Amino acid sequence: MRLAVGLGLVLLGLGGWWFFRAPAAPPPELIAGLADEGFSGAPCPARTILEQDARKKRGPQAPTAFAQRLRARFALGSPGEALKKTLFDQGFAPISPCANDEGVFGARWRGKNWGDPDAYVYWRVDPEEKLVFVDGHVSRTP
């Protein structure tokens, strides 16, 4: 009897989770079809000597598929406003990625459910508002 009640409670809990789960929204066009790339990139200056040394040991990182997609669509030297408008039109929200460098801008798109992708974009513009740096990565919760 206890086993049946316990099993019923577990099934009710799983059914409740499924019922109250946020409806799946398709990811933005910018990240559609991209695999999990983990956290990569270092848009902010090193905060400590230890962080600077760790970056030197790690060496240069290959650009992620998302970063390559961003750079193909928003080439360096193009207006930063075009990138910003596209990101915000696709549901990205602004973030402040660097506490030690206000010149780096960022945006994040968060999936609504466990397993949905999260995407991060970082960029820098020159005094004429032209892109001089663009990077990004997609991560997924397993």
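The values are calculated or read from the model by the stated rules, or taken from the named source; none is laboratory data. As the structure is a prediction and not an experimental result, all values here were calculated from the model. No Cβ is skipped: glycine too gets one built from the backbone with ideal geometry, and neighbour counts run over all protein chains shown.
Are there any pairs with C-beta distances below 7 angstrom linking a residue in segment 117-142 that is within 15 Å of Ala82 (Cβ to Cβ) and touching a residue at least 12 places away in the same chain (Cβ under 8 Å) to a residue that is surrounded by fewer than 16 Cβ atoms within 10 Å (Cβ to Cβ) and acidic (Asp, Glu), with the two at least 6 apart or on different chains, and if so which?
Between residues of segment 117-142 that are within 15 Å of Ala82 (Cβ to Cβ) and touching a residue at least 12 places away in the same chain (Cβ under 8 Å) and residues that are surrounded by fewer than 16 Cβ atoms within 10 Å (Cβ to Cβ) and acidic (Asp, Glu), the close pairs are Glu129/Glu81; Val132/Asp126.
Taking the conditions exactly as written (at pLDDT 95 or above, out of contact with any Phe, Trp or Tyr (no Cβ under 7 Å at 6 or more places or on another chain), surrounded by fewer than 18 Cβ atoms within 10 Å (Cβ to Cβ) and acidic (Asp, Glu)), does Glu102 satisfy them or not?
No; evaluated as a whole, the condition is false for this residue.
Take Ser96 and decide whether it is hydroxyl-bearing (Ser, Thr, Tyr), more than 20 Å from Asp36 (Cβ to Cβ), surrounded by 12 or more Cβ atoms within 10 Å (Cβ to Cβ) and touching a strand residue (DSSP E or B) at 6+ places or on another chain (Cβ under 8 Å).
When the stated conditions are applied, Ser96 does not pass them.
Examine segment 68-75 for a residue that is touching a strand residue (DSSP E or B) at 6+ places or on another chain (Cβ under 7 Å) and either at positive phi or of a type in the set (Lys, Arg) (or both), and state whether such a residue exists.
Yes - at least one qualifying residue is present in segment 68-75.
Based on what the data block shows, is Asp36 acidic (Asp, Glu), touching a Pro at 6+ places or on another chain (Cβ under 9 Å) and farther than 14 Å from Phe133 by Cβ?
Considered against the rule, which asks whether it is acidic (Asp, Glu), touching a Pro at 6+ places or on another chain (Cβ under 9 Å) and farther than 14 Å from Phe133 by Cβ, Asp36 comes out as yes.
Tell me, yes or no, whether segment 58-69 has at least one residue that is in contact with an Asp or Glu (Cβ under 7 Å, 6 or more places away or on another chain), free of Cβ contacts under 8 Å to residues at least 60 places away in the same chain and exposed (fewer than 14 other Cβ atoms within 10 Å of the Cβ).
Looking for residues that are in contact with an Asp or Glu (Cβ under 7 Å, 6 or more places away or on another chain), free of Cβ contacts under 8 Å to residues at least 60 places away in the same chain and exposed (fewer than 14 other Cβ atoms within 10 Å of the Cβ), one finds none in segment 58-69, hence no.
Name the single residue, out of those in segment 33-57 being among the aliphatic types (A, V, I, L, M) and at pLDDT 85 or above, that is surrounded by the most Cβ atoms within 10 Å (Cβ to Cβ).
Among them, the one singled out is Ala54.
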